[in-house]
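Each remark here refers to the structure printed beneath this line.
Values in this text are rule-based calculations from the coordinates and carry no lab data. Since the model is a prediction, treat every value here as computed from it, not as a measurement. Quick reminder, even Gly has a Cβ in these numbers, built from the backbone with ideal geometry, and neighbours come from all protein chains shown.
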Amino acid sequence: MDAVLEIEFPVITKGRIEQDAIEYARMKISKTLLHSSATVTHATVRLTREPDPARDRPAIAEVTLSMKGRVIRAHVGAASMPEAIDLLDARLRRRIEEANDRRRALSMRHRDDGPGEWRHGAIPSERPARFDRHIDERELVRHKSFAVAHQTIDEAAFDLESLDHDFFLFRDERSDSDAVIWRFEGHYGLIEVDPNASPTPDTVADVEQMSIPVPTIDVEAAIEHLDVEGGPFVFFLNVETGRGNVVYFRYDGHYGLIEPAE
């Protein structure tokens, strides 16, 4: 078993957050990190209280940690901050379990264990509701993909779960092209630039290869597609770079753009 580092971590707050909630978050997450079987080198907790009283889940709790060179993230929303912290702790424990199981899961090239083996059953979604921002107020926020240069589909599915994302942009090692994997009706959907360029994948994860056209357009046109179709995202080939990009609606109501990291 790897050594466990007892680390201090910041609790960053936004909005009206009681000191008791900060201490509760520190206590809960500290216990989870100390019981991890892998080395945790850094962690950050964020607690946010949205000011809009009409929101169903105004209390948002997030954690990001580095574990053996990998980034693990959890993000939940709840009616109260203690509830959000409890949900966050439960989700983080599961993320750590998944990371600990990765080597075993990726060594299995069959489906004997059924769909979603590394998820250990269904996880209730407690995502914060997306803010319905007026179209004239939306801004574009750019991010780089965390994916390595090339990945198997199983590795991409695992990173999607570890980062607690709804979708994940990566470079498929089979086709040497950009692709997107996302949660789709209880399993995973996969969109590739050319789904016929490589054979149907043999994966541990339950993945459905989708025949969805990938348009070659610019970012502005992709955002127009997103507004018309209503989401959750648009995968496209950026006409300026020739690489796969994703535009999507962020929880704050702005547009997000994911570009591959060179």
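For the peptides 72-84, 233-245, the ranking by mean Cβ contacts within 10 Å, running from highest to lowest, is 72-84, 233-245.
The listed peptides 215-226, 177-188, 162-173, ordered by packing as a protection proxy, come out as 162-173, 177-188, 215-226 (highest mean of other Cβ atoms within 10 Å first).
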